[in-house]
Amino acid sequence: MMLNRKTLVAMMLLFSAGSYAASEASTQLDNAISSGSFVVAVADGGAYAAPLPAGAKPKAEKPKKQGVTIYIPGQDETTASADNKPEQAADMVSEVGMSPRDRVASVPKGKLKNPYTDNEEMISAGQALYMGNSCNGCHGGTGGGGMCPPLSNEVFVYGSDDDTLFRLITLGSDDLAKLGYYRKGMEGVVGPMPPYGDIIKKDEEVWKIIAWIRTIFNGDEKRRNW
């Protein structure tokens, strides 16, 4: 096929422009990689880099630290960032210094956290408080159960997290149920838990008892939620 001079010149110019653009793009990518900070746009949450969907625009923001930032269209950056995960427990309450009932009333459901977990001194004190408040009369001297459930179980009747156990000990099972708590596990013998919020005067003493209870746990460590 014969090409006239104008056509040939036009093809050469297009080829030259394309080569220059590719060279520029390659240079920019090399610079970004060498600097250690660049953004990868991922289409629709896919596992590989791909063109963005029609109308979607990646956020042109400088990454907070060196590395690769993956932007997924439609996903909020605050939920996507792994840096935010440690902040999830920032609003938990581990303070002591008031009565158990006042503590329960002042802290939203799910926010109580034991400050004494794995503290050997507090665990020892907790065992003495367990015996001194006659908890062994229903749950057994070693927490193995009796007329009430064992405290070494993998699954607790109302839940095994710190917040639930503190409220259960303080309010008793009847008042706990009135707040919307329900049985998650069942035992052959399940007597009602009496309220100890007026018997035990300090919130720290409830936490010490719970710290000791944690030491007799016989379940799978993967189920530990405290």
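Observations on the structure shown:
- For M193, M92, order by how many other beta-carbon atoms lie within 10 Å, fewest first: M92, M193
- Listed pairs K113/K208; K184/K222; K111/K202; K202/K222; K184/K208; K111/K208 exceeding 20 Å between Cα atoms: K202/K222; K184/K208
- Cα-based shape type of the range 111-160, given that a ≥ b ≥ c are square roots of the gyration tensor eigenvalues and the cut on a/c is 1.5: oblate
- V93 long-range amide H proximity, modeled H, under 5 Å: L112, K113
- Exposure proxy order (Cβ contacts within 10 Å, fewest to most) of E154, E121: E121, E154
- Taking the centroid of alpha carbons for each part, the range 90-116 and the range 150-190 are 17 Å apart.
- When W207, W226, W212 are sorted by how many other C-beta atoms sit within 10 angstrom of their C-beta, beginning with the fewest, the order is W226, W212, W207.
- Counting every C-alpha pair in the range 129-183, the share spaced more than 17 angstrom apart comes to 39%.
Quick note: the coordinates plus some simple rules give every number you see, no bench work behind them. What you see is a predicted model; the values in this text were computed from it and never measured. Neighbour counts run over all protein chains shown; Cβ positions are idealised from the backbone, glycine included.
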